[in-house]
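Every number in this text was worked out from the coordinates using simple rules, so none of it is lab data. Because the structure is a prediction, the values reported are computed rather than measured. Counting neighbours? That spans all protein chains shown, and the Cβs are built from the backbone with ideal geometry, glycine included.
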Amino acid sequence: MKTDVIEISGDLRGKEAALQTVEKFIIYNSLTGKSATHIRLLAEETISMVNGIMENFKGELTLESCPAQGGNLYRIKVVAKKSPNHEQESKLMSVSTTGKNVAAKGVLGKIREAFRLSMQRSNEGTYSDRSDMIDGWYNMGITGENEPNYIDEYYMGYWSLKNYRDNVSQQKDKAPAEWDELERSILANIADDVKIGIRSNHTEVVIEKFIAD
């Protein structure tokens, strides 16, 4: 089951319509109790993630469910067009006063920044002259070329919260602040994964949650 597309903006226009769609989705899928609360919280986190991501940001939000072994996999997806020219890339950069990823604080901030970076990425998989923006936390979430594709045929790799969480877990002593962020994050504690992937003309962020029967 897939919901209608809801347009949502960086200034949160479309938020109410999105929340109403979430409630209808929960009812349609007969979700109750903790399961319903988890989907609701993940949707709210997703909506807050797009707030202030860039000037004139517009994305398309959908929710979908599909059968999986032992239950159902639920996805909350936001799709946005990639910036088509240098002028729009400059607008993306202007989100930060220094032009760097200083805003990537907390897990939600990191996901927002990874989404923003993906919208800047060229079809050749480069970030123009923005390589200084990609620091340790970003690299800890990137998948390798030999890892499974992200939902379907992506031209490039993708950033994954699961990869990031696994890498931080292995380096707790060296990255205590990052580990503390993960432990405090609603998104990191509820979602099974958050994936940010790139196609030729758009980028997607997908929050995944498996709920057993």
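Return the long-range amide H neighbours of PHE210 (sequence gap of 5 or more, or a different chain), with a cut-off of under 5 Å between placed amide H atoms.
Correct list: TYR74, ASP192.
To the nearest 0.05, how large is the calculated FRET efficiency for SER30 and LYS174 if R₀ is 41 Å and r is the Cβ-Cβ distance?
On the way: r = 44 Å, r/R0 = 1.08.
With a Förster radius of 41 Å, E is 0.40.
Want the number for ASP213 to ASN56: 0.36 nm per residue separation, take away the alpha-carbon distance, what's left?
Details: separation 157, 0.36 × 157 = 56.52 nm, distance 4.07 nm.
Full-extension gain reported as 52.5 nm.
Sort 106-115, 2-11, 169-178 by packing, meaning the average of other beta carbons within 10 Å per residue, with the highest value first. Don't skip to the end; give the middle numbers.
Working: 106-115: 22.8, 2-11: 15.4, 169-178: 12.4.
Ranking the peptides 106-115, 2-11, 169-178 by packing returns 106-115, 2-11, 169-178.
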